[in-house]
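Colleague: If you scroll down you'll find the structure; I have some questions about it.
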Amino acid sequence: MKEQAFFTISWKDEKIIVLDQRLLPTEEKYVELGCVEEVHRAIRNMVVRGAPLIGVTAAYGVALAAVKASRGRVRSDVKAAVEFLKTSRPTAVNLFWALERMERVLQKDCTEEDLVKCLVEEARLIEKEDVESNQCIGEFGAELLKDGFRVLTHCNAGALATAGWGTALGVVRSAVASGKRVHVYADETRPVLQGARLTAWELMKDGIPVTLIPDNAAAFLMEKGRVDCVIVGADRIAANGDVANKIGTLKLAIAARYYDIPFYVAAPRSTIDYEVSCGEEIPIEERSPDEVKNIATCKIAPCDVGVWNPAFDVTPAELVTAIVTDYGVLAPPFEKSIERIRYLER
């Protein structure tokens, strides 16, 4: 498979190196995160974003806390770091999944020195597994795309949202790698413009044809017969198949159903929350009004106007054609197909 032209996260010299995604596409800048507080701010302020990458970053944040801990304080500092990082963002379940994995390492009966090594190794393993799972998602999902397909996507579920390869865009990458021609239509994705700033940028980096469209043009594009399928990522999938993803995903699913267009969700099994029975139970993050009232430093709305800014919405399972995971393509009824994955993981 073709190597990516950039990386999102790296562990080097007991520091975390991440690509600052707030600056794209105008500046490609890597920054160091040297303490747990900086990791928390990076996740909260969307220096890093995307459910899988948030999980990987949090895991390395715990490893960082272990490395920085004073003698005799490794276990207590790691526990404190886990609890602190849980407060960074509420919706992406990969965050909590990764932190729980790191916390389980504390159960090892070993010296503090060995415990630190084990925590760093676990974080590295979580990163490695994320790339591998994304590539599996890509291989399974590529079978759904025919040569010449035109794919509509929302937000950014590419390599930038993961440790590498991507979920929704990983499907596109794998299809292209297999020799298929694929053209991507990318929603701009207001209010933070992840589609315009990030999806368009990374697809152009990889030489994959992409056309940027306004969010409010998507249904018209479908009506014109220019969309063969919709593929999006996910931040949390409930046990019944309801999908929480970037705000605006729901309206795409509704339009896709109206125009009889397949609507696919691509996500690793770590995004499935078996403890949440349906979408109504998923916590939805609300972000700063400034994201809506401004584009970068430019004000686009009255200063005192009221704003509602949910970061995610929930697409009901009945609007989802299939969920592409690293364990294969799940078909409805999702309660049964998701339960099969849970059984395999036991």
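Taken together, the values in this text are just the output of simple stated rules run on the coordinates, not laboratory data. The structure displayed is predicted, hence computed values, not measured ones. For neighbour counting, all protein chains shown are included, and Cβ atoms are generated from backbone atoms with ideal geometry for every residue, glycine included.
Colleague: How do the peptides 215-228, 270-283 rank, highest first, by the average count of neighbouring beta carbon atoms within 10 Å per residue?
Modeller: Result, highest mean Cβ count within 10 Å first: 270-283, 215-228.
Colleague: Here's another thing I want to ask about it. Could you tally the net charge around Thr321, taking each other residue with its Cβ under 13 Å from the Cβ of Thr321, Lys/Arg +1 and Asp/Glu -1?
Modeller: -2
Colleague: Relative contact order of the chain, please, whole-number percent, based on alpha carbon pairs below 8 angstrom and at least 6 residues apart.
Modeller: 16 percent
Colleague: Turning to a different aspect of this structure: Mean Kyte-Doolittle of at least 0.5 and a Cα length of 18 Å or more along the axis: which whole DSSP H helices of the chain meet both?
Modeller: Length and hydropathy pass: 51-68.
Colleague: Of the listed pairs Lys15/Lys299; Lys128/Lys205; Lys29/Lys79, which have alpha-carbon separations greater than 25 Å here?
Modeller: As for pairs spanning more than 25 Å Cα to Cα, those are Lys15/Lys299; Lys29/Lys79.
Colleague: Once both labels are modelled 7 Å past Cα along the beta-carbon direction, what's the Tyr259-Ala5 spacing in nm?
Modeller: Taking the simple label geometry, Tyr259 and Ala5 are separated by 2.8 nm.
Colleague: Dividing the convex hull volume of the alpha carbon atoms of the chain by its residue count, what do you get in Å³ per residue?
Modeller: Residue-normalised Cα hull volume stands at 135 Å³.
Colleague: Which percent, nearest 5, of DSSP beta bridges in the chain are antiparallel?
Modeller: Antiparallel bridges: around 50 percent, rounded to the nearest 5.
Colleague: Starting from the Cα of Glu281, step 7 Å along the direction of its Cβ; do the same at Phe220; then give the gap between the two resulting points in nm.
Modeller: The two pseudo-label positions are separated by 4.1 nm.
Colleague: Calculate log10 I(q)/I(0) of the range 9-134 for q = 0.17 Å⁻¹, where I(q) comes from the Debye formula with a single equal point scatterer on each Cα and nothing for solvent.
Modeller: -0.79
Colleague: Given the rule -39500 (n - 2.57) for each run of at least 4 DSSP H residues, summed and divided by the residues of the chain, what is its mean residue ellipticity at 222 nm, to the nearest 500 deg cm²/dmol?
Modeller: Taken over the chain, the calculation gives -11500 deg cm²/dmol.
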